[in-house]
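First comes the structure, then the notes that go with it.
Just so it is clear, none of the values below were taken in a lab; they were calculated from the coordinates. Keep in mind that this is a model prediction, so the values were computed, not measured. We place every Cβ from the backbone using ideal geometry, glycine too, and count neighbours over all the protein chains shown.
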Amino acid sequence: MQTTVLDDTDFQIINVLVRNGRASFSSIGDAVGLSPHGAADRVRRLQRAGIITGFTATVDLEAVGRALDAFIDVRLLPATLPEVFERYVRDLPAVREVAFVTGRFDYHVRVACQNPEDLDETVRAIRGDGGAAQTETRIVLRATAGAHPVGRA
């Protein structure tokens, strides 16, 4: 695997795109001191190198009927294979993110549910067919979102 050396301009471009994945090459170029063509070349190089892996949309979960945001920590049963658990929970409608973590629990699952009943059904599914030995659920009361700048390594 080839290592790509990033300079300050690359980090500036990455940070522009973290804040706004739909930024035009012209606006990227203006922000970092390049022509639109130069910015496009840099973005494409960062994509080819696997540094920029995609562009995403941010969705207002309340507007789509999934305003109940929660974290479910999961400890698996000894017989549950991690790959099987991951495949199962990724297919649950409420699941937004699944992270394998260190500590008391094996997984951290973030869900966006329609209502408390939907959260209850999701937790029951994880405990039942998901192969969880134990879960601990926390409902998010407030969250702040925003672009997190990427600094030099």
Requested in this report: Once you have the Cα-Cα distance between Thr53 and Arg127, take 0.36 nm times their residue separation minus that, and quote the gain in nm to one decimal.
Outcome: 23.3 nm
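What value, in deg cm²/dmol to 500, does the helix sum -39500 (n - 2.57) over DSSP H runs of n ≥ 4 give at 222 nm once divided by the residues of the chain? Don't jump to the answer; show the numbers that get you there.
On the way: 5 runs with 54 residues, N = 153.
Theoretical 222 nm ellipticity from helices: -10500 deg cm²/dmol.
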Requested in this report: Taking the dipole about the Cα centre of the chain, with the C-beta of Lys and Arg at +1 and of Asp and Glu at -1, give me whichever of His37, Tyr88, Ile52 is farthest to the positive side.
Outcome: His37
Query raised in the report: With each pseudo-label sitting 7 Å past Cα toward Cβ, what's the Gln134-Leu81 distance in nm, one decimal?
Result: 2.6
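Round to the nearest 0.05 the FRET efficiency obtained for Asp60 and Val5 when R0 = 41 Å and r is the Cβ-Cβ distance. Intermediate values should be presented prior to the final figure.
Details: r = 38 Å, r/R0 = 0.94.
The computed FRET efficiency comes out at 0.60.
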